[in-house]
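The values are calculated or read from the model by the stated rules, or taken from the named source; none is laboratory data. Quantities reported herein were computed from a predicted structural model and do not represent experimental measurements. Note that we place each Cβ from the backbone using ideal geometry, even for glycine, and neighbour counts take in every protein chain shown.
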């Protein structure tokens, strides 16, 4: 029997007092004298799966099938058409701070949050606080495969492969079932499984890992996938940053949309963005974004980023509360498919237009662990238990976005970043290429005005020609009437 989840909503001032007291007692994630030993340079890759098959399947489906899919799995299908800017992701990794689980761009801290990713994916049929927990003894991979595909045990056994010490199944083995399975719900479920395995958790290129199957089986129980997605995103960012190389195996599409959305300039949030039917990923795909920007250019942009350059609250989100801790832990612990990690949402309150105060970050640097070795199951149980009591903070809007004590704390905070400065300051591509919503509306108005002017000129010309034709016709009629009629002879 599952334990119930208790949700506690607390006043902003109460949380601020708690956070300040906790920070004074326990200190920050890194203390004076700590050595992070992060490499100065990173050489990593963001190789992605070829998603043409998935795009083809989605395009073949009718609106009813797409509707069934969206009702079950939200907007994850949009991820297959999002172009990943590899140069952007590579540059971002260089600014990731594993000690605080955030990006530090110049003096500005930013990190993806559960609320933001949930708003992007719009998965409604889940319980917010119900997280995926790795089972100690799950069903065998073969049994899961048979249940999902309706194929035989012999077929399933033949498809299971071992690649780089990882048990998985090639996407090619599932393609035919996705295309032609007689049960429409089976097709929909297998398509969603493919997106989770090839896009959201692309650990083994061209294959779907056994851990993804275990996770996918739990979704039908109302599990919220977002904490799991964030956990593997954070863990992969930290691994690449610490080692200085490797392949990013988090969801690059979501990370790409998230960061660019914080440069989405809007003069005034359009009314349609408040609608429940508004789909942020779909709106993102319709916008023009900077292209062909080099990694070094992005690095220079992030190194010189100022608070006023950032759209702190993405235009597609307007929450009233923020999840800031679970149980007795001072942060939000996350469980992924292959490990766990914690993050501190109080570090980035400005992403919700809330006043930024000193966050409690003590212990973050020790929060990460892998699902291997001695004692990891106890950490999983402790994390799962902490989610039985989740704490939310009411967001508060102030004229000043930073408290004075936060500003002082931020300047004194020990950082693990060691990024060489660039010789030049690159122009922010968003300032060059990203017109505001007001400017876009003005440009559209001017285009419509010019079009109407052309149409009016055409009408005036046609009217003029018509008048001439009428006059000519009248002249001919008068001449015809003025002629004497010939008499008929009898």
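Annotations
- Considering the stretch 192-205, and only residues there that are in contact (Cβ under 8 Å) with a residue 40 or more places away in the chain and assigned to a helix (DSSP H, G or I), the residue that is surrounded by the fewest Cβ atoms within 10 Å (Cβ to Cβ) turns out to be 192.
- For residue 325, the conditions (1) under 19 Å from residue 13 (Cα atoms); (2) out of contact with any helix residue (DSSP H, G or I) (no Cβ under 9 Å at 6 or more places or on another chain) are fulfilled apart from (2).
- Taking each residue of the stretch 1-20 that is farther than 22 Å from residue 384 by Cα and looking for partners that are loosely packed, with under 14 Cβ neighbours inside 10 Å with beta-carbon atoms closer than 9 Å, six or more apart or interchain, yields 20/405.
- Qualifying residue in the stretch 324-335 (condition: outside any loop (DSSP other than H, G, I, E, B), within 21 Å of residue 92 (Cβ to Cβ) and free of Cβ contacts under 8 Å to residues at least 24 places away in the same chain): no
- Unique match (being touching a strand residue (DSSP E or B) at 6+ places or on another chain (Cβ under 9 Å) and under 30 Å from residue 346 (Cα atoms)) among 109, 85, 124, 75: 109
- Within the stretch 303-314, the presence of at least one residue that is in a loop (DSSP other than H, G, I, E, B), touching a strand residue (DSSP E or B) at 6+ places or on another chain (Cβ under 6 Å) and farther than 30 Å from residue 385 by Cβ is confirmed.
- Tally of residues being surrounded by fewer than 18 Cβ atoms within 10 Å (Cβ to Cβ), part of a loop (DSSP other than H, G, I, E, B) and either in contact with a strand residue (DSSP E or B) (Cβ under 8 Å, 6 or more places away or on another chain) or at pLDDT 95 or above (or both) across the stretch 343-382: 2
- Scope the stretch 383-401; condition part of a loop (DSSP other than H, G, I, E, B) and in contact (Cβ under 8 Å) with a residue 12 or more places away in the chain; matching residues: 387, 388, 395, 396, 397, 398, 400, 401
- Subset tally (residues that are at pLDDT 95 or above, within 30 Å of residue 263 (Cα to Cα) and either over 25 Å from the mean Cα position of the chain (by Cα) or surrounded by 24 or more Cβ atoms within 10 Å (Cβ to Cβ) (or both)) for the stretch 383-399: 1
- Just one of the listed residues (243, 210, 188) is surrounded by fewer than 24 Cβ atoms within 10 Å (Cβ to Cβ), at pLDDT below 95 and over 21 Å from residue 335 (Cβ atoms), and it is 243.
- Of the candidates 220, 245, 265, 276, the single residue that is without any contact (Cβ under 8 Å) to a residue 12 or more places away in the chain and more than 26 Å from residue 384 (Cα to Cα) is 276.
- Failed item, numbered, when residue 98 is tested on (1) crowded, with 20+ Cβ neighbours inside 10 Å; (2) more than 17 Å from the chain's Cα centre (by Cα); (3) closer than 19 Å to residue 350 by Cα: (3)
- Residues of the stretch 206-215 classified as in a helix (DSSP H, G or I) and either touching a strand residue (DSSP E or B) at 6+ places or on another chain (Cβ under 7 Å) or without any contact (Cβ under 8 Å) to a residue 40 or more places away in the chain (or both), total: 1
- When 293, 317 are checked against the criterion of being in a loop (DSSP other than H, G, I, E, B), in contact with a helix residue (DSSP H, G or I) (Cβ under 6 Å, 6 or more places away or on another chain) and closer than 26 Å to residue 41 by Cα, 293 stands alone in meeting it.
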